[in-house]
Amino acid sequence: MKNILKKILNNKKIVKKNKVVKKVTKSKKTTKVSKINKTVKKTKSKKLLKDKKIKKLLIKKAAKNEKIENKNEVLRISKNNELKPEIKKIKKQETEKKQYKVKDYVVYPKHGVGQITEIKKINIGGIDVETYVLKFEKDKANGMVPVNKQAHLRPLATINQVNKCISILKSKPKIKRSMWSRRAQEYESKISSGKIYDLAEVVRDLNKGDDLMIDQSYSERQLFEKAYDRLLSEFQIVLNSSLENTQKKVDKALKRNLEKQMQKVHETSSNQNLTETETAQ
């Protein structure tokens, strides 16, 4: 019996030991597993942190790139959205109603009085342009003005306007005390405007009459002659008289060459008297 009991006790102890050993091994295994899990978690967390940092950096870079792209879009339109203008081939220029006819006299501000000799179509760069062909007798030159730009031309003055110009020529000159360079620019702009009243004012202000004591510069004399010739040519056509008669009328208003005119009158009268006496004899 004793032996049996001892065996049983020994068996129990062995079982207990085995259980303890199993528990220890289990605990060791669990600790190892937990350690492994911890290391895995740490590595994962490190990787996650790295990934997060990389993601943040990528997001920042993307944001910067977006800002740059937005700025570029503001500065320039993208090529895809650019609207290319449609190129239309124009064969004929748009024309206006013709205000002038052939043989009409018109005033072109830069050159003075000219006569329309013909209305001609000219091809310029594949476009048909209808133009007035002008002849300037004094300059012995020809010019062309498109019908589309006939607003630059003006018709000749009326007789009432000519009479008003003569009254302007008779009035006192208005001379400013500014520098000659400024006055010359003003006179030049008045002449190039083509307005008949402005031309009359320039002629009146630059006229020195028969006063030889007053010095006149070359540029002053040149401007006077330019305005005087243009005014004279227009007066001649409007009054339908000879150049000598129109010149006498203008010079009388300006009080120019009065002595020469008186001499001519005396000469003509003396010649008439001589012819009368000869016929009487």
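The values are calculated or read from the model by the stated rules, or taken from the named source; none is laboratory data. This one's a predicted model, so the numbers in the text were calculated from it and none came from an experiment. Methodologically, a virtual Cβ is constructed for each residue, glycine included, from the backbone with ideal geometry; neighbour enumeration extends over all protein chains shown.
Data table
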| quantity | calculated |
| --- | --- |
| The stretch 126-157 - residue that is surrounded by 17 or more Cβ atoms within 10 Å (Cβ to Cβ) and touching a His at 6+ places or on another chain (Cβ under 9 Å) and, of those, farthest from Ile237 (Cα to Cα) | Val145 |
| Test for Arg177: is it surrounded by 16 or more Cβ atoms within 10 Å (Cβ to Cβ) and over 24 Å from Gly114 (Cβ atoms) | no |
| The stretch 112-125, residues that are buried (at least 16 other Cβ atoms within 10 Å of the Cβ) and within 28 Å of the chain's Cα centre (by Cα) | Gly112 |
| Count - residues of the stretch 185-197 that are surrounded by fewer than 18 Cβ atoms within 10 Å (Cβ to Cβ) and touching a helix residue (DSSP H, G or I) at 6+ places or on another chain (Cβ under 6 Å) | 0 |
| Test result for Gly143, under 31 Å from the mean Cα position of the chain (by Cα), of a type in the set (Gly, Ala, Ser) and farther than 20 Å from Val102 by Cα | no |
| Near pairs, Cβ below 7 angstrom, 6+ apart or cross-chain, from the stretch 229-257 (closer than 16 Å to Lys164 by Cβ) to any residue that is not in a helix (DSSP H, G or I) | Glu234/Val107; Glu234/Val113; Glu234/Leu156; Glu234/Ala157; Val238/Leu156; Val238/Ala157; Leu254/Asn207; Leu254/Gly209 |
| Qualifying residue in the stretch 218-238 (condition: outside any helix (DSSP H, G or I) and either modelled with pLDDT of 90 or more or surrounded by fewer than 20 Cβ atoms within 10 Å (Cβ to Cβ) (or both)) | no |
| Filter result (farther than 20 Å from Phe136 by Cβ and either at pLDDT 85 or above or of a type in the set (D, E, K, R) (or both)) within the stretch 202-217 | Arg204, Asp205, Leu206, Asn207, Lys208, Asp210, Asp211, Asp215 |
| Filter result for Lys89 (more than 26 Å from Lys140 (Cβ to Cβ), modelled with pLDDT of 60 or more and loosely packed, with under 11 Cβ neighbours inside 10 Å) | no |
